[in-house]
Amino acid sequence: MSILTSLTPTPTGLAAARKHTALPKADALIEALPWLARHRGRTVVIKFGGNAMVDARLKTAFAEDILFLHHAGLRPVVVHGGGPQISAQLDKHGLVSEFKAGLRVTTDEAMDVVRMVLAGQVQRELVGMLNRYGPHAVGMTGEDARLMTADKKYARIDGESVDIGRVGEVAQIDTGVVRALLEDGRIPVISSIARSTDDRDADDGGVFNVNADTAAAAMAAALGAEILMILTDVEGLYRDWPHSDEVISRLTATELGELLPGLASGMIPKMQGCLHAVRGGVGSARVIDGRVRHSVLLEIFSDEGIGTTIVPDKAPGTGTGTASGTRTAPGTDSGLTEGVAA
């Protein structure tokens, strides 16, 4: 028998290769390769919220996604709220949960609960999950190292300003501590609480509850992130809700700006955040369905992607933005539903 003959696969060997159960895994890794090459070393800010925060399987999948990004060479930063947990604790304390223009009305008593839940419950649980496989995650709030400072925010209802308590609008972000952690190979996990810009208020312990979508967008812009990703409880931005459940897969900043006035109040902070991010230099902002396991990986490392992507008006390499609904691989050319703030 010749060497060539001995190396020729037999019919039995070919059948075994075709039936090899690991082949789909190899195909998935190969599909991810161009996206890995493109995103390696880049900063990605992910807002963690919605059902992904309360469903055990989704929480585990989210932590696995973040660890995958970290080990694949990306630099993930997690910003989180805690709407469901805050509402549950307010109920236990006999405090009413109230929302105006999609933002939680936060009294001084409610702020104490918000602070406790975000920094003492939600953050600790997520940091613990990320650190099961090594000393990766470091938790902080916007108070730490004056990471995030905020001014008092008023809701706009029917054209008028409405006082909603200790709710803040991000005024400044000092990214020094976050950049230091990223350079040290850590995963920052940030609670959306901010120090008051009023020093007298801050000296008295004054802090603000900041909408987590808004905080994540401001952080992404300040860091010059490649991607802002917001997890929510819908598939994305619907084209003609409630008459259609078709999801808009891609929008330019200008197109989103034109749609904003007609959005439901719960979606407005998310889309305003996306708009702020891409106009502030972030490469793209994505609103994705956090009810889907491993939605973060599906969005970043697959050709199809999920959810709605917002891009600058002039997309790099194409000369113009596009709302065609297509998703192109690296290097190629080519809603409205209610939500609540933390």
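Below are the figures for this structure:
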{"read-out": "Separation of alpha-carbon centers, the stretch 193-218 and the stretch 51-89, rounded to whole Å", "value": "22 Å"}
{"read-out": "Additional length obtainable on full extension of the chain from Tyr133 to Asp199, 0.36 nm per residue less Cα span", "value": "19.8 nm"}
{"read-out": "Per-residue SASA entry for Glu98, accessible area with 1.4 Å probe, Å² rounded to 10", "value": "80 Å²"}
{"read-out": "Paramagnetic label zone (point 7 Å from Cα along Cα-to-C-beta, Leu36; backbone N under 16 Å) in the stretch 63-85", "value": "65-75"}
{"read-out": "Label point distance in nm, Arg124-His71, each placed 7 Å from Cα along Cα→Cβ", "value": "2.7 nm"}
{"read-out": "Of Lys152/Lys270; Lys270/Lys314; Lys59/Lys92; Lys100/Lys152; Lys59/Lys152; Lys47/Lys152, those spanning more than 26 Å from alpha-carbon to alpha-carbon", "value": "Lys59/Lys152"}
{"read-out": "Spin-label zone in the stretch 135-164 - amide nitrogen under 17 Å from a point set 7 Å from the Cα of Ala171 along the C-beta vector", "value": "142-155, 164"}
{"read-out": "Heavy atoms of Asp108 accessible to a 1.4 Å probe, total area in Å² rounded to 10", "value": "100 Å²"}
{"read-out": "Share of alpha-carbon pairs per 5 Å distance bin for the stretch 40-132, given as whole %", "value": "3, 12, 21, 21, 16, 12, 8, 5, 2, 0"}
{"read-out": "For Val105, residues with placed amide H under 5 Å, excluding near neighbours", "value": "Glu98, Phe99, Lys100"}
{"read-out": "Residue-level accessible surface for Thr21, protein heavy atoms, 1.4 Å, Å²", "value": "120 Å²"}
{"read-out": "Cα gyration tensor shape of the stretch 102-216, rounded if a/c is under 1.5, else prolate or oblate by comparing a/b with b/c", "value": "prolate"}
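The values are calculated or read from the model by the stated rules, or taken from the named source; none is laboratory data. These figures come from a predicted structure and were not determined experimentally. A quick note on method: Cβ atoms are made from the backbone with ideal geometry, for glycine too, and the neighbour counts reach across all protein chains shown. Note: accessible area is taken over every heavy atom of the protein model, side chains too, but ligands, DNA and RNA are not part of it. Shrake-Rupley method; radii C 1.70, N 1.55, O 1.52, S 1.80 Å.
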